[in-house]
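A.B. asks: Here it is, the structure, as structure tokens.
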Amino acid sequence: MVAATATAALALPGCAPAPDPGTVTVLNSATDTAEHTKNQKFFDRCARPLGLRVEQLSVPADQVASKALRMASSHSLTDILELDGSELPQFAETGGLRPLAELAVTTSGFSRGAVSLGSYRGTRYGIARAVNSLALYYDPDKLEKAGVGPPRTWRELRTAARKLTGGGSYGLAFSASPDADGVYQFLPFFWSAGGNEARLDGGEDGGGGGGRAALRLWKELVDDGSVSKAVVNWNQQDVNDQFVAGRAAMMINGPWQVPALEAQRKVDWAVASLPVPHRGTAAVAPIGGTVMTVPGSGDEGRRRNAAKILTCLNSPSNQLAWSEAVNNVPSRTAAARRYAGQNPKLAPFADLVTTARSRTARVGTRWPAVSDALAGAFQTVLTGRGSPETALRRAQRQATGGE
């Protein structure tokens with residue numbers, strides 16, 4: 001757990017030689033050359049008018065947290081720390097991050113989900129300039145030949161998936177891997193049915209029915225033969241590979257797959273909202289993305305410079321331009337509407353983030369344990385080792401340390 005080590009590390013005052021006072025340093029996960037270059041373009045756009053420069057230190061996403069802790073222990077943490085939204089609670093709990101309000105960085109006009117992504121116990125610590133979620137991709141030609149439209153309900157999804165299965169292609173692909181990818185893809189089904197991550201088996205808080213319904217749907221799709229049994233091993237990239245190869249007519253995935261899809265001339269695709277249990281209900285998907293935070297170490301002047309960069313990066317025009325560059329959705333609601341109008345093919349993502357939720361909003365630093373428990377539940381059910389009811393009861397015990 002990040003929090004156990006972070007408690008002392010992030011709160012330590014900086015005493016190592018500080019970088020040039022005109023330089024703002026950033027720790028992020030932009031290791032991809034193209035993403036790193038795009039990032040630098042926006043950083044430079046904001047820094048130059050202020051007489052500043054920005055230097056990025058980029059490491060793989062799964063190493064950002066550990067790198068930040070090592071840097072904090074040696075009093076060399078960067079001025080801006082960019083974290084995955086699910087990691088923020090562990091760092092915020094230590095008191096080592098500065099609240100945005102103290103820095104005069106506002107999230108006024110941001111979507112509720114985007115604000116929640118950067119918050120911990122009601123205090124805003126991180127700001128997301130763009131967010132993402134999941135939607136239903138489909139092959140329009142295959143759906144037309146099967147005589148079905150994009151499914152809007154679970155019943156329609158199951159029917160369409162059956163009709164689209166055949167000729168070496170499954171009707172639907174999703175990730176059910178026993179890790180963050182699988183959990184991220186299970187949450188829209190779990191939440192849209194009323195599942196409660198704070199009480200996986202229902203209990204006093206309710207939500208058990210939603211969890212059972214979501215697990216039953218996934219099991220029915222696999223038992224129908226409409227979804228490959230191999231989904232228990234597929235991550236989200238594997239799912240996209242199946243779709244690109246023509247081995248799935250529909251898939252659950254995020255906007256980060258757009259570049260790979262657009263690079264395939266022979267792949268026709270469109271995007272629809274996620275199917276819901278019943279007509280008239282809203283799809284509730286997880287909101288994803290990174291948040292930029294300002295650590296509490298360092299001097300006030302450096303924190304002010306960092307805050308100025310964050311404010312500039314999150315102007316409506318910069319959010320819109322950044323989102324178009326990386327196929328994400330602006331976190332400002334007005335900018336998200338403009339994005340949807342300018343990118344109609346991806347408009348469902350803009351619609352879905354309006355109801356999307358942060359994974360940590362209800363359970364905070366308990367999220368890693370809850371995530372592991374949920375993964376165990378759908379793996380148990382999909383591999384035939386238990387019923388939804390028993391899987392969720394076990395998941396609840398696991399999530400609360402009872403097993």
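A.B. asks: Select, from PRO60, PRO99, the only residue that is under 12 Å from MET292 (Cα atoms) and surrounded by fewer than 19 Cβ atoms within 10 Å (Cβ to Cβ).
C.D. replies: Numbers: PRO60 fails: under 12 Å from MET292 (Cα atoms).
Testing whether each residue is under 12 Å from MET292 (Cα atoms) and surrounded by fewer than 19 Cβ atoms within 10 Å (Cβ to Cβ) leaves just PRO99.
A.B. asks: Is there a residue being open to solvent by 20 Å² or more (accessible area, probe 1.4 Å) and farther than 17 Å from ARG45 by Cα anywhere in the stretch 310-320? Reasoning before the result, please.
C.D. replies: Taking the stretch 310-320 and keeping what is open to solvent by 20 Å² or more (accessible area, probe 1.4 Å), we get 311-312, 315-317.
Pick out the ones that are also farther than 17 Å from ARG45 by Cα and you get none.
There is no residue in the stretch 310-320 that is open to solvent by 20 Å² or more (accessible area, probe 1.4 Å) and farther than 17 Å from ARG45 by Cα.
A.B. asks: Sort out which residues of the stretch 65-80 are among the polar types (S, T, N, Q), at pLDDT 90 or above and either under 19 Å from GLU300 (Cα atoms) or in a strand (DSSP E or B) (or both), and write them in order of number.
C.D. replies: Start the filter on the stretch 65-80 by keeping residues that are among the polar types (S, T, N, Q), which leaves 66, 73-74, 76, 78.
With at pLDDT 90 or above added as a condition, the list becomes 66, 78.
Within the stretch 65-80, THR78 is the sole residue that qualifies.
A.B. asks: Could you please tell me which pairs satisfy a Cβ distance under 7 Å, a separation of 6+ or placement on different chains, a first residue in the stretch 282-306 that is more than 19 Å from ALA114 (Cβ to Cβ), and a second residue that is crowded, with 23+ Cβ neighbours inside 10 Å and β-branched (Val, Ile, Thr)?
C.D. replies: Within 7 Å, the pairs are ARG303/VAL294; ASN305/VAL24; ALA306/VAL24; ALA306/ILE80; ALA306/VAL294.
A.B. asks: When only residues in the stretch 171-183 that are of a type outside the set (Gly, Ala, Ser) and surrounded by fewer than 24 Cβ atoms within 10 Å (Cβ to Cβ) count, which is nearest to ALA391 (Cα to Cα)?
C.D. replies: Going through the stretch 171-183, the residues of a type outside the set (Gly, Ala, Ser) turn out to be 172, 174, 178-179, 181, 183.
Those left that are additionally surrounded by fewer than 24 Cβ atoms within 10 Å (Cβ to Cβ): 178-179, 181.
Numbers: PRO178: 14, ASP179: 16, ASP181: 19 Å.
Taking the candidates together, the pick is PRO178.
A.B. asks: Now for a different question. Tell me which of these LEU103 doesn't satisfy, since it passes every other one: (1) over 19 Å from ARG362 (Cα atoms); (2) free of Cβ contacts under 8 Å to residues at least 60 places away in the same chain.
C.D. replies: (2)
A.B. asks: Return the residues of the stretch 346-398 that are more than 30 Å from VAL329 (Cβ to Cβ) and hydroxyl-bearing (Ser, Thr, Tyr); say none if nothing qualifies.
C.D. replies: THR380, THR383, SER387, THR390
Yes/no matrix, rows are residues, columns are (1) touching a strand residue (DSSP E or B) at 6+ places or on another chain (Cβ under 7 Å); (2) in contact (Cβ under 8 Å) with a residue 24 or more places away in the chain:
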position: SER169; (1), (2): yes, yes
position: ALA176; (1), (2): no, yes
position: ASP201; (1), (2): no, yes
position: GLY209; (1), (2): no, no
position: ARG212; (1), (2): no, yes
position: PHE243; (1), (2): yes, yes
position: GLY254; (1), (2): yes, yes
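A.B. asks: Another question, then. Confirm whether THR159 is of a type outside the set (A, V, I, L, M) and in a loop (DSSP other than H, G, I, E, B).
C.D. replies: Details: of a type outside the set (A, V, I, L, M): yes; in a loop (DSSP other than H, G, I, E, B): no.
No.
A.B. asks: Moving on to the next point. Going by what's in this entry, would ALA356 be described as under 14 Å from the mean Cα position of the chain (by Cα), under 30 Å from ARG397 (Cβ atoms) and open to solvent by 30 Å² or more (accessible area, probe 1.4 Å)?
C.D. replies: Details: under 14 Å from the mean Cα position of the chain (by Cα): yes; under 30 Å from ARG397 (Cβ atoms): yes; open to solvent by 30 Å² or more (accessible area, probe 1.4 Å): no.
Judged against the criteria, ALA356 is not a match.
Residue-wise test of (1) open to solvent by 20 Å² or more (accessible area, probe 1.4 Å); (2) within 23 Å of ALA130 (Cα to Cα); (3) of a type in the set (Gly, Ala, Ser).
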| residue | (1), (2), (3) |
| --- | --- |
| THR290 | yes, yes, no |
| PRO295 | no, yes, no |
| ALA335 | no, yes, yes |
| ARG338 | yes, yes, no |
| PRO344 | yes, yes, no |
| ALA369 | yes, no, yes |
| ALA377 | no, no, yes |
| ALA399 | no, no, yes |
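A.B. asks: For the stretch 127-166: of the residues being farther than 30 Å from ALA114 by Cα and of a type in the set (Ser, Thr, Tyr), which is surrounded by the fewest Cβ atoms within 10 Å (Cβ to Cβ)?
C.D. replies: THR159
A.B. asks: Okay, next question. Checking SER192 against (1) open to solvent by less than 10 Å² (accessible area, probe 1.4 Å); (2) of a type in the set (Ser, Thr, Tyr); (3) under 26 Å from SER86 (Cβ atoms), which test does it fail?
C.D. replies: With respect to (1) open to solvent by less than 10 Å² (accessible area, probe 1.4 Å); (2) of a type in the set (Ser, Thr, Tyr); (3) under 26 Å from SER86 (Cβ atoms), SER192 is out only on (1).
A.B. asks: Taking the stretch 250-288 only, how many residues are open to solvent by less than 60 Å² (accessible area, probe 1.4 Å) and among the aromatic types (Phe, Trp, Tyr)?
C.D. replies: Number satisfying all stated conditions: 1.
A.B. asks: Also, quick follow-up: Residues ARG247, ARG279, ARG265: which one is at pLDDT below 95, in contact with a Ser or Thr (Cβ under 9 Å, 6 or more places away or on another chain) and over 22 Å from ALA361 (Cβ atoms)?
C.D. replies: Numbers: ARG247 fails: at pLDDT below 95; ARG265 fails: in contact with a Ser or Thr (Cβ under 9 Å, 6 or more places away or on another chain).
Going through ARG247, ARG279, ARG265 in turn, just one is at pLDDT below 95, in contact with a Ser or Thr (Cβ under 9 Å, 6 or more places away or on another chain) and over 22 Å from ALA361 (Cβ atoms): ARG279.
A.B. asks: Please count how many residues of the stretch 369-394 are under 17 Å from VAL232 (Cα atoms) and outside any loop (DSSP other than H, G, I, E, B).
C.D. replies: Let us first name the residues in the stretch 369-394 that are under 17 Å from VAL232 (Cα atoms), namely 371-388, 391.
From what's left, outside any loop (DSSP other than H, G, I, E, B): 371-382, 388, 391.
Number satisfying all stated conditions: 14.
The values are calculated or read from the model by the stated rules, or taken from the named source; none is laboratory data. These figures come from a predicted structure and were not determined experimentally. Note that each Cβ is placed from the backbone with ideal geometry, even for glycine, and that neighbours are counted across all protein chains shown. Accessible surface areas use protein heavy atoms only, side chains included; no ligands, DNA or RNA. Shrake-Rupley method; radii C 1.70, N 1.55, O 1.52, S 1.80 Å.
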